[in-house]
1. Segment 106-202: which trypsin sites (Lys or Arg not before Pro) are DSSP loop and have at most 13 other beta-carbon atoms within 10 angstrom?
2. Between SER246 and THR189, how many nm apart are label points set 7 Å from Cα along the C-beta direction?
3. Taking each full run of DSSP H in the chain as one helix, which ones are at least 15 Å long along their axis (Cα atoms) and have mean Kyte-Doolittle hydropathy of at least 1.0?
4. GLY140's amide H: which non-local residues (gap 5+, or another chain) put their own amide H closer than 5 Å, with H modeled 1.01 Å from N in plane and none for Pro or chain starts?
5. Mind sorting GLU207, GLU154 by how few other Cβ atoms lie within 10 Å of their own Cβ, fewest first?
6. Consider the candidate values (1) 55, 43, 41; (2) 53, 50, 41; (3) 57, 33, 33; state which one is Cα extents along the principal axes in Å computed from the structure displayed.
7. So if I take the centroid of the Cα atoms in segment 16-36 and the same for segment 156-198, what is the distance between those two points in Å?
8. If you rank TRP109, TRP21 by fewest surrounding Cβ atoms within 10 Å, what's the result?
Amino acid sequence: MEHLDEDHRIPFPDPSRADRWGLLAAGGNLSPGFLLSAYEQGVFPWYEEEPILWFSPDPRFLLFFKDLHVGKRLGRTLTQSSWQITFDQNFPGVIQACSEPRRGEGGTWITREMRAAYGELHRLGYAHSVEVWQGDSLAGGLYGVSLGGCFSGESMFSRERDASKAALVALAGVLSQWEVAFIDCQMETAHLAAFGAAPVPRQVFLELLREARGRADGAPRGSWSSCDGPSALARGIALARAADASRLSNESRSPQ
């Protein structure tokens, strides 16, 4: 299969042809054009051994910032912590940390080839990282792929309690300032559900993705290293508080 540069695209099969697990296709490669073709069509790679497997699950798990939730304990942690938050300062370190097997897991899907492929997307300005620092050491972080109006989260890690959560809240804060409305979390997890992420029918997600990609604004391509971490975190916390206030207001108006 020909390796595609960032300016070339290929069509993937119709997502409706995916199986019950969301598996849509197998094969291909991790070249920039191939990966960008996938994300632009609502598809992502997920595999441990070749062939490469491409998924488009139904439903899709999305975190809309209007639904963002930060619990009271976490809110106190985020406002009182000594962590420093940065963007695109150590993408290799973040993806390497994300690739390390979790406790009780024997392997990782973030292989050396995957790290190299997303490192190239980072170099081209499509993949981004959020770093949470304790002094000179990474305490947590996350990375994903930005298509302007949509951000697809790939993985996160914590070496200190709640550090990855700080990265997620800061990411929501910085994306919201660019009028991005949601993060594509791809697969459902209890961790992300606690933040307000919810399942959305795949067809609805694909329509949202088309709308997001068609917008003239959105997150910029290129390095996000100039983004201010403390401001992004504060904005994310404010988003969550506004979302909670809106929920309480709606609940008070609902008939008993």
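1. ARG161
2. For SER246 paired with THR189, the spin-label model returns 2.5 nm.
3. Helix filter hits for the chain: 163-177.
4. Excluding prolines and chain starts, which carry no amide H, the hits are VAL132, ARG159.
5. Lowest to highest Cβ neighbour count: GLU207, GLU154.
6. It is the one labelled (2).
7. When both Cα centres are located, 24 Å separates them.
8. Values: TRP109 14, TRP21 10.
Exposure proxy ranking, most exposed first: TRP21, TRP109.
Any read-out appearing in this document is the output of simple, stated calculations on the displayed coordinates, not a laboratory observation. Predicted model, so just to flag it, every value in this text is computed and none were measured. Here Cβ is always computed from backbone atoms with ideal geometry, including for glycine, and neighbour counts include all displayed protein chains.
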